[in-house]
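Below: one structure, written as structure tokens.
The values are calculated or read from the model by the stated rules, or taken from the named source; none is laboratory data. Predicted, not measured: the structure shown is a model, and the values here were computed from it. Cβ placement follows ideal geometry from the backbone for every residue including glycine, while neighbour counts extend to all protein chains displayed. Accessible surface is based on the protein model in full, side chains and every heavy atom, while ligands, DNA and RNA are left aside. Shrake-Rupley method; radii C 1.70, N 1.55, O 1.52, S 1.80 Å.
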Amino acid sequence: MDYDHLLIALAGVWGAGAGAVVARAGRRGAGTALLVVLVCVALAVATGIRPELAVWLLLAPVALLPAVTELALPATGVALALLGVVRFLPEHAGHWTTALLGALALGAGYYRLSRLDPGGGGLGAGEVRLAVGAGAVLGWYGWPTLMLGAFAGFLLRGFYGAFPGRRQRPDVRFGPFLLAGAFLGLLVGAYTA
């Protein structure tokens, strides 16, 4: 039996169920549910059969909920607690200490950025809370993964702002770009671990 294919199929089934809940909670369509499925399958492909995949699959739907900024700190606490358990399981590929330090470092960095230009650039308290969670998840795979995920968020925001008509919209929040960058960093970190 090919466990990788079974794992990917199970991640897809989990993603379908969780995506339906996320779509219903956010009053969104099938596109949101499909996005959750794709995220869960991509995480399963990149992570493989390692215990931290269970944590990533639990967090993925939460990251796509409309109230993600309000849930970010409790989700970070849950993630750190679960990763604390995962570190004692065989075959894990991360470090709990760097997850904790990554949460503190990225959260502090975003807090400082939000204070430099309060209300500007789409960085507010919600993005700071998201950064704490992203730092924990990215930090699990080490500092290079954390830096890659953080940089990817800024790069994606820069690409978005480069399109005509986008530069004049100061109301665009940074949170979606932060989450997308963290997702890309996590995929690379999981795949290379």
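Summary of values
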{"item": "Residue check for residue 135: farther than 20 Å from residue 70 by Cα and surrounded by 17 or more Cβ atoms within 10 Å (Cβ to Cβ)", "result": "no"}
{"item": "Per-region count, the range 65-82, residues modelled with pLDDT of 90 or more and among the polar types (S, T, N, Q)", "result": "1"}
{"item": "Matching residues, the range 19-60, being over 20 Å from residue 5 (Cβ atoms), open to solvent by 10 Å² or more (accessible area, probe 1.4 Å), in contact (Cβ under 8 Å) with a residue 24 or more places away in the chain and of a type in the set (A, V, I, L, M)", "result": "21, 25, 35, 58, 59"}
{"item": "Evaluation of residue 23 against (1) part of a helix (DSSP H, G or I); (2) farther than 16 Å from residue 136 by Cα; (3) out of contact with any Ser or Thr (no Cβ under 9 Å at 6 or more places or on another chain) (one fails), failing number", "result": "(3)"}
{"item": "Looking only at the range 90-132, and only at residues there that are surrounded by fewer than 21 Cβ atoms within 10 Å (Cβ to Cβ) and hydroxyl-bearing (Ser, Thr, Tyr), the one that is modelled with the lowest pLDDT", "result": "111"}
{"item": "Matching entry among 103, 72 (being aliphatic (A, V, I, L, M), closer than 17 Å to residue 176 by Cα and outside any loop (DSSP other than H, G, I, E, B))", "result": "72"}
{"item": "Restricting the range 54-110 to residues that are among the aromatic types (Phe, Trp, Tyr) and more than 14 Å from the chain's Cα centre (by Cα), the residue that is farthest from residue 123 (Cα to Cα)", "result": "88"}
{"item": "All positions within the range 75-99 that are in a loop (DSSP other than H, G, I, E, B) and without any contact (Cβ under 8 Å) to a residue 40 or more places away in the chain", "result": "87, 88, 89, 90"}
{"item": "Condition met for residue 12 (surrounded by fewer than 19 Cβ atoms within 10 Å (Cβ to Cβ) and at pLDDT below 90)", "result": "no"}
